[in-house]
Amino acid sequence: MKIFIDSAKVSEIEEAFSSGFLDGVTTNPSLLKVAVDELTARGEEIDLAQYIERILTVAEGTPVSLEVTEYTYERMVEQAKRIYERFNPVANNVYIKIPINPVFNGAEADEFDGLKAIKELSAENIPVNCTLIFTPEQALLAAKAGAAFVSPFAGRIDDYIRSQNDIQFKKEDYFPAQGIWRDEQVLEDNGVVSGIDLVEQIVEVFLRYDMTAEVLAASLRNARQAREAALAGADIATLPLYVIKDLVSHYKTREGMEKFIGDVLPEYVELTK
Ligand code: E4P
């Protein structure tokens, strides 16, 4: 399974890539806002174009998803092409994020605008990461339209199931892959019992129909969920930096280090200098 960093902070992206095992970056408008707001609050002046170029350069050789902010077919396609033409020459690694369905309250968009945009961009060899996937059928249609990546938002499904059932939670809390049982019934959303279950169902559908799109498990909030995404067969997991760090953490590893370093023979250190 490939590991992407889910962040628009250059400092975090640099730190993650310094590990040597990173395979890409995903951003979204909210992540970009957090990154820019943080720098602005520190008194730094941001040239957004240069900032995005830095992200692309740090991640050179691996995909970086940049999202459209328009929400009708024509406008999404126009904006996607502008983003691609402006930024892909930097490091040849831009993927365009298109929502599966851009309709929301107040938006004059059509249910099929996302799919139409994916189809047109993919046909022009602009790679698309289809975002905001919450059902296997959305994923199937995105893949049929030509998306290179489909992004099920695992954590947000877990959040939704918990909030629909009045369960208090913190964003990073673990949600069991097999779901939460109450009164001998599993809590679910339209046949999906957890974010990981959603990922697993999509992987199964794609395998059954030989779909070439890669399943990018997104919105993962802890290391155990990343492990379960791998077990479910996700091609990619995109993770915040704190989760990437958690992947290499264990209490006994830390404890073992303390013991080994405490036991070091001075002669051994001398010998190996
Ligand atoms: C990545 O592509 C998504 O935008 C991101 O993982 C969403 O994560 P969140 O649900 O934690 O905001």
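The values are calculated or read from the model by the stated rules, or taken from the named source; none is laboratory data. The shown structure was predicted, so the numbers you read here are calculated from the model rather than taken from an experiment. When we count neighbours, we look across all protein chains shown, and the Cβ atoms used for this are built from the backbone with ideal geometry, even at glycine. With ligands, DNA and RNA removed, areas are computed over all heavy atoms of the protein, side chains included. Shrake-Rupley method; radii C 1.70, N 1.55, O 1.52, S 1.80 Å.
A few points about this structure:
- Qualifying trypsin sites (Lys or Arg not before Pro) for region 1-88 [loop in DSSP, other Cβ within 10 Å: at most 11]: 42
- Modelled FRET efficiency - R0 30 Å, residue 207 with residue 178, Cβ distances, 0.05 increments: 0.90
- Aspartates and glutamates whose Cα lies under 12 Å from that of residue 116, excluding same-chain neighbours fewer than 8 positions away: 74
- For region 2-271, carbon and sulfur atoms together expose 51% of the accessible surface, with a 1.4 angstrom probe and every protein chain in place.
- Computed label-point distance, nm, for sites residue 2 and residue 18 using a 7 Å Cα→Cβ extension: 2.4
- Accessible-area value, residue 241, 1.4 Å probe, nucleic acids and ligands omitted, Å²: 20
- Taking the helices alone, the chain has a mean residue ellipticity at 222 nm of -14500 deg cm²/dmol, built from -39,500 (n - 2.57) per DSSP H run of at least 4 residues and averaged over all its residues.
- Charge sum, other residues only, whose C-beta stays under 13 Å from residue 190's C-beta, Lys/Arg counted +1 and Asp/Glu -1: -4
- Rounded tilt (10° steps) of 136-145 against the dominant C-alpha axis of the chain: 70
- Label-point separation, residue 53 to residue 81 (7 Å along Cα→Cβ), nm: 2.4
- Normalised per residue, the accessible area of the chain is 55 Å², obtained with a 1.4 Å probe and no contribution from ligands, DNA or RNA.
- Taking the longest Cα principal axis of the chain as reference, the axis of helix 223-232 is set at about 60 degrees.
- Legend: calculated FRET efficiency, residue 137 to residue 187, from the Cβ-Cβ distance at R0 = 25 Å, rounded to 0.05, equals 0.75.
- Centre separation in Å (Cα based) which lies between region 107-152 and region 31-52: 29
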